[in-house]
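Encoded as C-alpha cells, the structure appears first; notes follow it.
The values are calculated or read from the model by the stated rules, or taken from the named source; none is laboratory data. As the structure is a prediction and not an experimental result, all values here were calculated from the model. Note that we place each Cβ from the backbone using ideal geometry, even for glycine, and neighbour counts take in every protein chain shown.
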C-alpha cells in the first residue's frame with residue numbers, strides 16, 4: 001500500500017489496509033477522492049518466485065471486487081502470473097492491473113519504497129612513486 005501511495009494514488013482521498021483476517025479477498029482500498037466514491041481495491045500475495053498465480057486466483061479476486069461493488073483493482077505479487085491469469089484479467093468486465101515481482105521491484109526502485117540507496121565511491125590518490133620513476 002505504501003508503494004501505491006508513493007506513486008500518487010489516494011492523494012485526494014486515502015489509502016487504507018484492510019484487516020488481515022476476514023478481508024474477503026481485499027487487502028487494501030484506495031479512495032481516490034475525499035468522499036471515497038472512486039475506489040481501487042488491492043490484493044497482494046507474497047509468494048516465492050517459483051510459485052505462479054493462476055486463473056482461479058484472479059477469478060477469486062474478481063469475486064471479491066463484485067462483493068465490494070468495485071469495478072477496478074490491482075493485484076500485486078512477488079511471484080508471477082500464468083498466461084491464463086493474464087487472459088482472465090483482460091477478459092473480465094473489471095479493470096484489473098497485474099503487477100508481478102519483476103515490475104514490483106522496478107516500481108519500488110523508481111519510487112524509493114522498501115529500498116535503501118547505497119553509493120560506492122572510488123577515491124584516487126596521486127602515486128608519487130610513479131612520477132619519481134620517470
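Run down 67, 25 and say which single residue is in contact (Cβ under 8 Å) with a residue 40 or more places away in the chain and farther than 27 Å from residue 114 by Cα.
67
Kindly indicate the residue of region 42-74 that is touching a helix residue (DSSP H, G or I) at 6+ places or on another chain (Cβ under 6 Å) and part of a strand (DSSP E or B) and also nearest to residue 3 (Cα to Cα) among those meeting that condition.
Ranking the qualifying residues of region 42-74, first place goes to 43.
Any idea which residue in region 32-48 is surrounded by the most Cβ atoms within 10 Å (Cβ to Cβ), counting only those that are at pLDDT 90 or above and under 13 Å from residue 15 (Cβ atoms)?
Only one residue tops the list, namely 41.
(1) outside any loop (DSSP other than H, G, I, E, B); (2) under 19 Å from residue 7 (Cβ atoms); (3) without any contact (Cβ under 8 Å) to a residue 24 or more places away in the chain: which one isn't true of residue 90, the others all being true?
(2)
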